[in-house]
């Protein structure tokens, strides 16, 4: 087992007696090599097609994307949004309803019709806004392959302007009240949705991440409150310019609007007229995904990561129990919120966040300023917690810790130290790792757990020290910055990367971002897919029969060096691809 530090971990993996030769047949494919091709690379025997891409029409009155103008606000509002991320497929009465997050827009591409590459008119700003949110669309497979069913009654866009109910402890709190919503009960919009979750009662969870990048202040002398600083809010946005057309995003005009973003949003994929809900009981932070499990006693448990350097891993436990035939509408409103503490002796505990443990006035305050609550109880600062995945065959959780250049060098945004050790064993962490924990007694409700590191990513072609990675990282499968992770029904862990693709220096030989498969019983890892230039590989789900795997390709050509997926001189577009075996067999 792991002692303290990376060296002890590498030694422990090397002495586990893993039989890589015996594991090889379980994968059923030969690994693909790393490369820097502007295309999708898959193993022999597999094929792919684009199911949907940015700008594809959703409704009868939608129009095709005009690459010269890049469309306008109206056309974008009626089309698939940009930069698909978390996704899931829901099936009812034989109909496939696909839900996907549209995290953000590639500004240099969507505004590429402007010389500045930035929004120059009010319509430009609104077009960028409409590229965000969530897309719900019916998809089908026919002789032409997988595609969107244009005009389906299920098709829907949930945008930064869509009314969304505020539910849970923060509903009606003074910090949630604005001039447009003086009662603090109805938010407007969702944006920068990263990962996702799925509930046992058939709803979709969209997770708001970098919400702070859309707020600015009309006066440069604006001074952040300590709470705003902890959440990364400042006088300047990230170039979206939303405050120019919407006062909600001006921190001086609407100081509470920012408190209404950073939550998990529940959406009913089968009812296009339903009002989504911001489930504030799950906390406010840069949500990556929301991994939902049913505990042995029927309580709902949601595991979540906060994707920021030096922030925390959380879990929520409902007070009531899931009922397959009952009303589950309040299960994500009434429960307990915890932050994780990882001890160096490989034990861990979930620290409850309540007024008594945090000395914060109310549970609503905790749900609005969750990062502050995590600090107050002494949770472990982590290396950017990304997706959490639950093993379907046992009570076992994994979380991708993507990287952290500040580990051991700088404190987090709250001023709390980020010491080297435990699950974060390397200073100035360039490559990332995946931490694994097991609830005490296999009980997800338990506040105790044991942990280890499943892998340390690294580059054994360049380094011989701990930056080479763990023993299950080789020159044939090396990668950096694990991000999206998901288990298939057979218990294989799929790992997607969002890291450096320079293919030089510390990242020499790693090529473009990729997707790998891990056998968590043996530790073996094999590369399955390499994406096109400058992309991130993110989001994964399967068809009901398991014969199609859907994968997201986000921001190809973000620096101008791709024409994927259409080729030629076309502009690059984020897209969802459908992967199948050529023999029609099951994938995962």
Item checked: From the options 221, 167, 179, residue that is more than 20 Å from the chain's Cα centre (by Cα) and at pLDDT below 95 -> 221
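For region 424-445, what are the residues that are on the phi < 0 side of the Ramachandran plot and without any contact (Cβ under 8 Å) to a residue 40 or more places away in the chain? Walk me through how you get there before you give the answer.
Residues of region 424-445 on the phi < 0 side of the Ramachandran plot: 424-427, 429-431, 433-440, 443-445.
Residues satisfying the conditions are 427, 440.
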Checklist line | The one condition in (1) farther than 30 Å from residue 586 by Cα; (2) in contact with a helix residue (DSSP H, G or I) (Cβ under 8 Å, 6 or more places away or on another chain); (3) touching a residue at least 24 places away in the same chain (Cβ under 8 Å); (4) in a loop (DSSP other than H, G, I, E, B) that residue 63 fails to fulfil | finding: (3)
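Of all the residues that make up region 296-331, how many are closer than 18 Å to residue 416 by Cβ and assigned to a strand (DSSP E or B)?
Initially, region 296-331 is screened for residues closer than 18 Å to residue 416 by Cβ, giving 305-314.
Applying the additional criterion that residues be assigned to a strand (DSSP E or B) yields 305-306, 309-311, 313-314.
Residues flagged as closer than 18 Å to residue 416 by Cβ and assigned to a strand (DSSP E or B) within region 296-331 amount to 7.
Tell me which residues, restricted to region 486-500, are out of contact with any strand residue (DSSP E or B) (no Cβ under 9 Å at 6 or more places or on another chain) and either crowded, with 20+ Cβ neighbours inside 10 Å or modelled with pLDDT under 95 (or both).
As a first pass, look at region 486-500 and keep what is out of contact with any strand residue (DSSP E or B) (no Cβ under 9 Å at 6 or more places or on another chain): 490, 500.
Correct list: 490 only.
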Check: Would you pick out the residues in region 417-436 that are surrounded by 24 or more Cβ atoms within 10 Å (Cβ to Cβ) and part of a strand (DSSP E or B)?
Finding: 424, 429, 433, 434, 435
Item checked: Among (1) assigned to a loop (DSSP other than H, G, I, E, B); (2) more than 22 Å from residue 303 (Cα to Cα) - the single one residue 516 does not satisfy -> (1)
Next item on the list: Output the residues belonging to region 548-587 that are out of contact with any strand residue (DSSP E or B) (no Cβ under 6 Å at 6 or more places or on another chain) and under 23 Å from residue 92 (Cβ atoms).
Entry: 586
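Working carefully through the options 249, 222, find the one that is more than 30 Å from residue 326 (Cα to Cα), touching a strand residue (DSSP E or B) at 6+ places or on another chain (Cβ under 7 Å) and touching a residue at least 12 places away in the same chain (Cβ under 8 Å).
On the way: 222 fails: touching a strand residue (DSSP E or B) at 6+ places or on another chain (Cβ under 7 Å).
The unique qualifying residue is 249.
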Margin query: Between a residue in region 521-535 that is touching a residue at least 40 places away in the same chain (Cβ under 8 Å) and at positive phi and any residue that is part of a loop (DSSP other than H, G, I, E, B) and buried (at least 21 other Cβ atoms within 10 Å of the Cβ), which pairs come within a Cβ distance under 9 Å, given they are 6 or more apart or on different chains?
Written below: 523/470; 523/472
Next item on the list: Write out, first by first residue and then by second, each pair whose Cβ atoms fall under 9 Å of each other, whose residues are 6+ apart or on separate chains, and whose first residue, in region 550-572, is on the phi > 0 side of the Ramachandran plot and crowded, with 23+ Cβ neighbours inside 10 Å while the second is at pLDDT 95 or above and in a strand (DSSP E or B).
Entry: 555/536
Notebook entry, point to check: Do you know which residues across region 140-173 are farther than 24 Å from residue 82 by Cβ, without any contact (Cβ under 8 Å) to a residue 60 or more places away in the chain and either assigned to a strand (DSSP E or B) or in contact with a helix residue (DSSP H, G or I) (Cβ under 8 Å, 6 or more places away or on another chain) (or both)?
Noted result: 142
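Name the residue, out of 239, 202, that is surrounded by fewer than 19 Cβ atoms within 10 Å (Cβ to Cβ), within 17 Å of residue 131 (Cα to Cα) and in contact (Cβ under 8 Å) with a residue 40 or more places away in the chain. Write out each step before concluding.
Working: 202 fails: within 17 Å of residue 131 (Cα to Cα).
Exactly one of 239, 202 is surrounded by fewer than 19 Cβ atoms within 10 Å (Cβ to Cβ), within 17 Å of residue 131 (Cα to Cα) and in contact (Cβ under 8 Å) with a residue 40 or more places away in the chain, namely 239.
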Next item on the list: Please work out which residue is surrounded by the fewest Cβ atoms within 10 Å (Cβ to Cβ), limiting yourself to region 34-89 and to residues that are out of contact with any strand residue (DSSP E or B) (no Cβ under 9 Å at 6 or more places or on another chain) and more than 20 Å from residue 106 (Cα to Cα).
Entry: 44
Checklist line | Where a residue in region 108-125 is at positive phi and its partner, wherever it lies, is surrounded by 14 or more Cβ atoms within 10 Å (Cβ to Cβ) and in a helix (DSSP H, G or I), with Cβ under 7 Å and at least six apart | finding: 117/107; 117/108
Notebook entry, point to check: Of all residues in region 446-465, which are within 26 Å of the chain's Cα centre (by Cα), under 30 Å from residue 513 (Cβ atoms) and in contact (Cβ under 8 Å) with a residue 40 or more places away in the chain?
Noted result: 451, 452, 453, 454, 455, 456, 459
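Would you point out which residue out of 249, 222, 215, 211 is buried (at least 21 other Cβ atoms within 10 Å of the Cβ) and over 30 Å from residue 291 (Cβ atoms)?
Values: 222 fails: buried (at least 21 other Cβ atoms within 10 Å of the Cβ); 215 fails: over 30 Å from residue 291 (Cβ atoms); 211 fails: over 30 Å from residue 291 (Cβ atoms).
Going through 249, 222, 215, 211 in turn, just one is buried (at least 21 other Cβ atoms within 10 Å of the Cβ) and over 30 Å from residue 291 (Cβ atoms): 249.
Name the helices (runs of 4 or more DSSP H) wholly within region 332-409 that hold at least 1 residues that are in contact (Cβ under 8 Å) with a residue 12 or more places away in the chain, under 18 Å from residue 447 (Cα atoms) and within 22 Å of the chain's Cα centre (by Cα)? So that I can check it myself, show each step before the final result.
Numbers: elements: 355-358, 363-368, 370-377.
Answer list for region 332-409: 370-377.
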Notebook entry, point to check: Are any residues in region 519-550 in a loop (DSSP other than H, G, I, E, B) and under 19 Å from residue 470 (Cβ atoms), and if so, which ones?
Noted result: 520, 521, 522, 523, 524
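Looking at 237, 268 in this structure, which one is closer than 20 Å to residue 105 by Cα and modelled with pLDDT of 95 or more? Step through it out loud before you land on a result.
Values: 268 fails: closer than 20 Å to residue 105 by Cα.
Every option except 237 fails the conditions.
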Next item on the list: Answer yes or no: is there a residue in region 502-517 that is crowded, with 19+ Cβ neighbours inside 10 Å, in contact with a helix residue (DSSP H, G or I) (Cβ under 6 Å, 6 or more places away or on another chain) and more than 19 Å from residue 46 (Cα to Cα).
Entry: no
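The values are calculated or read from the model by the stated rules, or taken from the named source; none is laboratory data. On a predicted model such as this, the values are computed, not experimentally measured, just so you know. When we count neighbours, we look across all protein chains shown, and the Cβ atoms used for this are built from the backbone with ideal geometry, even at glycine.
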